[in-house]
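Engineer: Before anything else, here's the structure in question.
The values are calculated or read from the model by the stated rules, or taken from the named source; none is laboratory data. Here the structure is a predicted model, which means the values were calculated and not measured. Quick reminder, even Gly has a Cβ in these numbers, built from the backbone with ideal geometry, and neighbours come from all protein chains shown. Please note that ligands, DNA and RNA were not included when accessible areas were found on the heavy atoms of the full protein model with its side chains. Shrake-Rupley method; radii C 1.70, N 1.55, O 1.52, S 1.80 Å.
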Amino acid sequence: MMSSMTFSVVSMMPRFFQPTLSINSSSSQSKETVEEPVSELDSEMANKINMKCKNMLFEYEQMQNLDDIIYSLSEDETSVIRTRHEEFVKSLALITLDNSPITQTTVAGNIFAELLSKKILSMEAVTRGFDAVLKDWNDYLMDYPQFFSYTAAIIAPLLLSQNALFDFNNLKDCCTSIRPDNSTKFFTEVLNKILSSKEMQNIKEQSGGILWIYNKWLASEYAALDIFMPYNQINKYFENHGIGVFLLSIAIYDKLKMIDRKPLYDILHGWISTNISAEIIKCPQFVRALTIAIVIQCLNSNQSYEDFFNHGQVKLLIYYIRSEPLSEPEIQAREVQCLYGIQIMSAALEYPEGMVLRLFHKLYQDSIISKESFLIWRKDDKFNAGFDEDLETKTMTVLNTFFILLELNDSDEDETYE
């Protein structure tokens, strides 16, 4: 019964499998044969690969065993996918769209992550296979309005895997043919899938979802945002509080790292005015993104903590905290977001010794952040706008000395006043 069901399913060829040029069958090729490009398959071979992938996906869902897939990809000389790894990736990804994508996307992604970690699939085969899927995105959207969401759900397990060694630079290679004008939706969907995945729910217990994304981005050697999305798209996605500040902070850092020290304020201020909407600039979370970008710039320049927040950076912070007539609570809300930015980077970098304490001292001594805002930050147990985690930074013992000094300073001011 199971066998007949399997073959009735695999006989239904999805309409989006449209191979092009003809090549010889792989059965006569040796193990040393170079893998055949994904675009050079005739209809008969594409049909065979599609049927093979459907069978393997069905069996894996039943048995949760990769042995047969590994054998077909690496040892079985009669297998149609042994020398066609890119086409295997493409075919398996597309099949998930045609058959219950909600459940199968994660299954397919886990298969790819395991095969990549075991070096059965090369990184090139994975990235080129996905790129072959994404390059025809406009055609697939007609039948699958959630095409980008489903494809992102397949790729998310690759990024989340600890052993696949897949990072944002590899993600960039997955969408070479659509970058950057048409990759925005795909990139943001990947970030959202990471935040909502079951694996991330477990990771959140340790570091928080958006912190994991920051950490992954730092480990990817600061991949530039505009390889995935034009900067003028940030305004559209900033409302997504889960990833909005992340996207904006990367964009600001990308610009900061290209500016010489002296004209920093004028150039970045001009860039922000040109690219970022006034509504976003007015949001307190804008200050969080700006702070994160500045901290990353200082860290990447190997500066000591005492040298963080130079004149131009301080001028930027003060301007965007107090650039317009605001009530005291509104100013404090922006100042607290500055502290959140430092807190986030400390957690993402696994709490560098002395970083938070020294930066807090500097912000207070230079009159960038008021005592009242520090106390609000200390008492606030919730991360507003997308952050629900109560991060360890807020309970670090080392910060106790800072708040003791704040209280002592307040006492001294009271005595002087009297």
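Engineer: Under a Cβ-only charge scheme (Lys and Arg +1, Asp and Glu -1), can you give me the dipole magnitude of the stretch 51-143 about the Cα centre, in debye to the nearest 20? Before the final figure, lay out the partial values.
Structural biologist: Details: 9 positive and 16 negative charges, 35 e Å.
Once rounded to the nearest 20, the dipole reads 160 debye.
Engineer: What order, most packed first, do the peptides 362-371, 292-301 have when packing is the mean number of other Cβ atoms within 10 Å of each residue? Walk me through the numbers before you get to the answer.
Structural biologist: Working: 362-371: 16.0, 292-301: 21.0.
Output ranking for 362-371, 292-301: 292-301, 362-371.
Engineer: While we're on this one: Can you tell me the FRET efficiency between Ser117 and Asn300 if r is taken as the Cβ-Cβ distance and R0 is 35 Å, rounded to the nearest 0.05? All intermediate terms of the calculation are to be shown ahead of the outcome.
Structural biologist: Details: r = 29 Å, r/R0 = 0.83.
The value I calculate is 0.75.
Engineer: Which FRET efficiency, nearest 0.05, do Ile376 and Ile404 yield, Cβ-Cβ r, R0 25 Å?
Structural biologist: Numbers: r = 17 Å, r/R0 = 0.70.
Calculated value: 0.90.
Engineer: When the distances between all Cα atoms of the stretch 269-345 are binned every 10 Å from zero, what whole-number percent does each bin get?
Structural biologist: Histogramming the stretch 269-345 at 10 Å steps yields 18, 52, 26, 3 percent.
Engineer: For the stretch 71-131, what is the accessible area per residue in Å², given a 1.4 Å probe and the full set of protein chains?
Structural biologist: That works out to 33 Å² per residue.
Engineer: Taking the convex hull of the alpha carbon atoms in the stretch 69-177, what volume per residue do you get, in Å³?
Structural biologist: Details: hull volume 10.0 nm³, N = 109.
Hull volume normalised by residue count: 92 Å³.
Engineer: Based on the mean of other Cβ atoms within 10 Å per residue, sort peptides 218-231, 302-315 so the most packed one is first.
Structural biologist: Values: 218-231: 17.5, 302-315: 15.4.
Sorting 218-231, 302-315 by mean packing, highest first, produces 218-231, 302-315.
Engineer: Full extension from Glu77 to Gln162: what is 0.36 nm times the residue separation minus their Cα-Cα distance, to one decimal in nm?
Structural biologist: Contour length minus Cα-Cα distance gives 27.5 nm.
Engineer: Also, I was wondering about something else. Rounded to the nearest 0.05, what FRET efficiency do Asn235 and Glu324 have when you use their Cβ-Cβ distance and R0 = 22 Å?
Structural biologist: Numbers: r = 19 Å, r/R0 = 0.87.
Efficiency, from the Cβ-Cβ distance: 0.70.
Engineer: Round to a whole number: what % of the accessible area of the stretch 129-280 belongs to carbon and sulfur, probe 1.4 Å? Each step should come with its number before you reach the end.
Structural biologist: On the way: 2910 of 6490 Å².
So the carbon and sulfur contribution to the accessible surface is 45 percent.
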